[in-house]
Amino acid sequence: MSTPLPSGMAAPTTMSPPPVFSLPTSRSNNNSSRRSSRASASPKRRRAEDGSATSTAHSSGAASSASVRESVMRRHGPSRQCWHCGAQPVDVCHVVGKRDDSFATIRARSLLNIPNPGDFNNAILLCPLCHRNFDDYTSPGFVFVPSNINFFIQWEQKDQTRRRAARRDFGHRTTRICPRPDSYAQQCASTEGGVYRRFTVRDYFPKLRTHSRPGIGELVDEARWHGDPMATLRRTFLALGNMAIGGIPRDVKAQLRQLQALYEDDDAEDDEELDQSVEQEDEPSDGAGNRDRQDGPNDS
């Protein structure tokens, strides 16, 4: 007989048995099954599996490149002609190349405004022929420089004065400031970018009877470009290292070398001032011993 429950107490519910879970297979079994599955897969499938991780890692970079390409194409409008010769079709090219080994060093000295070579302000539209010849760092087919190089010379001279005053008054270095794309465009009174002179320094154009070759020398018309003027100077400084380069007038070369010397000499002066400050800290102070040495010759 079952014992009656006190009034007001409900009967206990029937307890259900705990759920039964299947035991996981061992790791070795899983690995072996994967290996066997991979071994039985076709070579095409194995290549696809191997490339999946790589494609995922580069997806953000590819998206960024596509965004820059779209922005550059949209800026140039429907014509989309080569910025140098006017031919079609065109590529989106880098002024400072992705394989420039000195990029980080130059960027650290604030001689470039672009954060990386894939930046929008380092992109330019060129036809495949001009693209290939422009990419030749040691012997390019053409170069282009700001039309007003004196603007950059005067800017750097004023900025050096500012940096030296900061070192003198506050005892520390300040970062160099170089003309940015907007500041140079403003100096050129343009809303479409700065104004540049183009020089064909190697006659790489095809010699066709119906083609009027620009030849070596300056193109008649100046051109506007939206990008970082410091990137063009970086490429031109590299080209000036070629002793056989032609097509650039002497006065332009002289201005470019003056500007390059300003950039180089100021960095060397910074290092020299730092060494002098360290030596002054190591010198003994003007104490009693120094006064005795100064007074000694007068006593004789």
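The values are calculated or read from the model by the stated rules, or taken from the named source; none is laboratory data. It should be emphasised that the depicted structure is a prediction, and the values quoted were computed from it without experimental measurement. To get the accessible areas, we keep the full protein, side chains included, count just its heavy atoms, and leave off ligands, DNA and RNA. Shrake-Rupley method; radii C 1.70, N 1.55, O 1.52, S 1.80 Å.
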With θ set to phi - 60° and the Karplus curve 6.51 cos²θ - 1.76 cosθ + 1.60, what are the ³J(HN,Hα) couplings of segment 116-132 in order, to the nearest whole Hz, using x for Gly and Pro?
-> 7, x, x, 6, 4, 7, 10, 9, 8, 8, 9, 6, x, 5, 5, 4, 4
In Å², rounded to a whole number, the accessible area per residue of segment 142-206 with probe 1.4 Å is 49
Taking protein heavy atoms only, a 1.4 Å probe, and rounding to whole percent, the accessible area of segment 100-245 owed to carbon and sulfur comes out at 50
Mean shadow of segment 126-228, computed from the convex hull of its alpha carbons, in nm²?
-> 8.8
